[in-house]
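Everything on this sheet refers to the single structure shown next.
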Amino acid sequence: MSRLRLSTPTPRIYVWRIMLPIGFAANVWGNELYSESRHWAGLALFFGGLALAVRGAKSWRGISNGWQTPKRIRLWASLKWDSGWKKYWESAKLTVWAIIVLGLLLYGWKVLGGILNQPDGITVHFPHTLSMMLAWGLLPFVAQWAEPNDPPRAVLLKLLGSKIWRAVITRTVANCAGFYFAGLSVYTLTFTSRPTFLVPVVVTLGVAAIATGHKTWTRLRKLSTQLYGNVQELKRDLAAIPGNTGNIEDRLNSARRSWDLVSLDLWTNVDTGYGLLGTPFLPGDIVAELALAMEESIVALEHDKNAAKDVLIFLDAIQEACFARIDSVA
């Protein structure tokens, strides 16, 4: 694989990077103006700032790829910390993730209760819109931060199933926060002028939230079922290579085609179809390493029937992670 070159940032990129803090500040300012009964100015700044912040955030991606100091600090910390401290740190991050998810669920119920008790308190409830918007956008990144950093392969395989569960739970809660954000926005816009409009909107958003959550979990079950079957087919093709029946090139190419299907599944996000926002079944670098090991095993199996021993351990772990979510009718 060729090494990617880091391009030199252009002045235009710096301008867009500045838009992130400016957009966030405008968003907060619009929130304050709306609370002061300057509704239209507040709404314009709120949504305009949101658009600027989202666009500006894209220009910050990959900014730390060329930084050497964080890499050196991370290497130093990995050498100084023993495995026990690393384990405690990883457990602490997962605990923080769980607290944030549970806290967000409780916060949502609290906001709903406040609206039911004081339905006309628009200025009181509007600040919750910003909180739900941030939860919608940032919760998946918190979940990615909470995952163990570069765990040993044996640990990665052992924790693969729980990692997938966390990714889908995070996506479900984040989507609910997004619908909550939309509902609160409509509530603040229409309650004083068209309160009867709220009922169909709330029902529509509620149904959409349920449907989106169902689709996310269905996606996970479909992917798990498909991947389990493709891995099983790959294992059969690998087992057939050392045999004496048929053309050897046909048997090798059959195994390669089966691996192509498995690799596509491993690259696929388990929680969403949007590539930049989702969590793949396995990290890309792990899939690349497995691809190299798979090709070496396929070639070596012609002369050594035990050449695929290591990759079979990996494939067994993948099937074990999929087994609990198999659903042939999903």
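Figures for the structure shown
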{"quantity": "Among the residues listed as 121, 42, the single one being modelled with pLDDT under 80, open to solvent by less than 30 Å² (accessible area, probe 1.4 Å), touching a Gly at 6+ places or on another chain (Cβ under 6 Å) and not aliphatic (A, V, I, L, M)", "calculated": "42"}
{"quantity": "Condition met for residue 193 (assigned to a loop (DSSP other than H, G, I, E, B), small (Gly, Ala, Ser) and either buried (at least 20 other Cβ atoms within 10 Å of the Cβ) or without any contact (Cβ under 8 Å) to a residue 12 or more places away in the chain (or both))", "calculated": "yes"}
{"quantity": "Residue in region 237-251 that is open to solvent by less than 80 Å² (accessible area, probe 1.4 Å), of a type in the set (Val, Ile, Thr) and not in a helix (DSSP H, G or I) present", "calculated": "yes"}
{"quantity": "Filtered residues of region 273-308 (kept if closer than 18 Å to residue 155 by Cα, part of a helix (DSSP H, G or I) and of a type outside the set (Gly, Ala, Ser))", "calculated": "285, 286, 287, 289, 290"}
{"quantity": "Region 102-130 residues that are small (Gly, Ala, Ser), paired with ones that are open to solvent by less than 80 Å² (accessible area, probe 1.4 Å) (beta carbon under 7 Å, 6 or more apart)", "calculated": "108/180; 114/125"}
{"quantity": "Unique residue being open to solvent by 80 Å² or more (accessible area, probe 1.4 Å) and either farther than 22 Å from residue 129 by Cα or of a type in the set (S, T, N, Q) (or both) when the list is 232, 226", "calculated": "226"}
{"quantity": "Checking residue 317 against (1) surrounded by fewer than 13 Cβ atoms within 10 Å (Cβ to Cβ); (2) within 16 Å of residue 164 (Cα to Cα); (3) not polar (S, T, N, Q), the condition it does not meet", "calculated": "(1)"}
{"quantity": "Failed item in (1) over 21 Å from residue 187 (Cβ atoms); (2) open to solvent by less than 40 Å² (accessible area, probe 1.4 Å); (3) at pLDDT below 80, with residue 23 passing the rest", "calculated": "(3)"}
{"quantity": "Where a residue in region 223-252 is without any contact (Cβ under 8 Å) to a residue 60 or more places away in the chain and its partner, wherever it lies, is open to solvent by 80 Å² or more (accessible area, probe 1.4 Å) and not in a helix (DSSP H, G or I), with Cβ under 7 Å and at least six apart", "calculated": "248/302"}
{"quantity": "Looking only at region 252-272, and only at residues there that are open to solvent by less than 60 Å² (accessible area, probe 1.4 Å) and either basic (Lys, Arg) or not in a helix (DSSP H, G or I) (or both), the one that is nearest to residue 294 (Cα to Cα)", "calculated": "268"}
{"quantity": "Sole exception among (1) open to solvent by less than 40 Å² (accessible area, probe 1.4 Å); (2) under 32 Å from the mean Cα position of the chain (by Cα); (3) β-branched (Val, Ile, Thr) for residue 207, by number", "calculated": "(1)"}
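Each row is one residue, and each column tells you yes or no for (1) over 30 Å from residue 120 (Cα atoms); (2) surrounded by fewer than 16 Cβ atoms within 10 Å (Cβ to Cβ); (3) at pLDDT 90 or above; (4) not hydroxyl-bearing (Ser, Thr, Tyr).
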site	(1), (2), (3), (4)
133	no, no, no, yes
140	yes, no, no, yes
149	yes, yes, no, yes
169	yes, no, yes, yes
184	no, no, no, yes
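The values are calculated or read from the model by the stated rules, or taken from the named source; none is laboratory data. No experiment lies behind these values; they were computed from the predicted model shown. Virtual Cβ from ideal backbone geometry, glycine too; neighbours counted across all protein chains shown. When the accessible area is computed, the model is the full protein with side chains, heavy atoms only, and any ligands, DNA or RNA have been set aside. Shrake-Rupley method; radii C 1.70, N 1.55, O 1.52, S 1.80 Å.
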